[in-house]
Amino acid sequence: MKLPSFNTILAAFLCIIFASCGNQSSNNTSQTPSMDTVKSAPSIKTEEAIYTSNGKQSNGFIAYDENRKGKLPIVVVIPEWWGVTDYLKSRAKQLAELGYFAIDADLFGDGKTAADPTEAMALTKPYYTNPELARPVVEAAIAKAATYSQADSNRIAAIGYCFGGFIVLNAAKLGTPLKAFVSFHGGLGGVQPKKGLIQGDILVCQGGSDPFVPEADQKAFKKSMDSVGAHYTFISYPGALHAFTNPGATALGKKFNLPIAYNAPADTASWKEMQSLFLTALK
């Protein structure tokens, strides 16, 4: 199959997403959340999660530590445009090790994953065309997580990668009642925020050399958020490209001729920023 050129992909991508944020940083920490725990080593339970989202069956993925006592804060994880891959499942496991009840949300139905950028664009197009779909897909994943006795539906956050960041930030702007929203190298376009509608703290972790989110888009997003008094933090990691949190991004970039690459320092720093936010928002 003939793969699309980078220019074709970049043009299509930039037509459907925007980017930006404020320019602050928070304190790094690797502490675990404030909750009742036991001293025994983590025992991470994982399983497929079947639920209905936007009228179709979704095959999500759940991870939590069976040895944690008490209710665990829920973290919904929204994938890159590749779908619920092994990478996304590894993030859910990491969150479980920190003491959260993580659920990877399947937005494409039946656990579909994209084999190449052309398929990925086709799978994500409905959400870029209608960003208001963001809230119901996040809420569907939360509803599934809430069926587990271990999950605390009063303490909920959502994180997203690339396309997932776009979904998470639009869920925030649409008033989804969560405590925190985190976007890792995500698109920042979609619906315009409205005053008083955003209910949680927002963290955007952005690659400083990401060609998919130019400075003009960042300024537009920042202006729109400031206009409604939204509480958000923006951190830019110098030299980091798009998809900087994914260890497999460099190989994918070479395979599909895309300007994406893993950046270990930015990955580590952004993960710590997320933890710092959660310690406050999900306490």
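Bear in mind that the values in this text are calculations on the coordinates, not laboratory data. Treat the numbers as computed from the prediction; the structure is a model and nothing was measured. All Cβ positions, glycine included, derive from the backbone under ideal geometry; neighbour counts span all protein chains shown.
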HN-Hα J couplings of the range 211-225 from phi, Karplus 6.51/-1.76/1.60, θ = phi - 60°, integer Hz, Gly and Pro as x?
x, 7, 10, x, 4, 4, 5, 4, 5, 5, 5, 4, 5, 5, 6
Computed over the range 41-281, the relative contact order (Cα-Cα under 8 Å, seq sep at least six) in percent reads 15 percent
Find the percent of Cα-Cα distances in the range 41-281 that exceed 32 Å, and round it to a whole number.
13 percent
Tell me which residues come under 5 Å, amide H to amide H, from ALA151 once H is placed; ignore anything under 5 positions away on its chain.
LEU72
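What fraction of the DSSP beta bridges in the chain is antiparallel, stated in percent and rounded to the nearest 5? Walk me through the numbers before you get to the answer.
Working: 14 of 42 bridges.
Roughly 35 percent of the beta bridges in the chain run antiparallel, per DSSP.
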Please give, to one decimal in nm, the separation of the simple spin-label points placed at THR147 and LYS125, each 7 Å out from Cα toward the Cβ.
3.2 nm
Residues whose built amide H sits under 5 Å from the amide H of LEU203, excluding neighbours closer than 5 in sequence, are PHE181, VAL182, SER183, THR233
Counting only residues 5 or more apart in sequence or on a different chain, those whose built amide H sits under 5 Å from that of TYR262 are ALA249, THR250
Sequence order, the range 261-266: Karplus ³J(HN,Hα) from phi using 6.51 cos²θ - 1.76 cosθ + 1.60, θ = phi - 60°, Hz rounded, Gly and Pro as x, gives 6, 6, 9, 4, x, 5
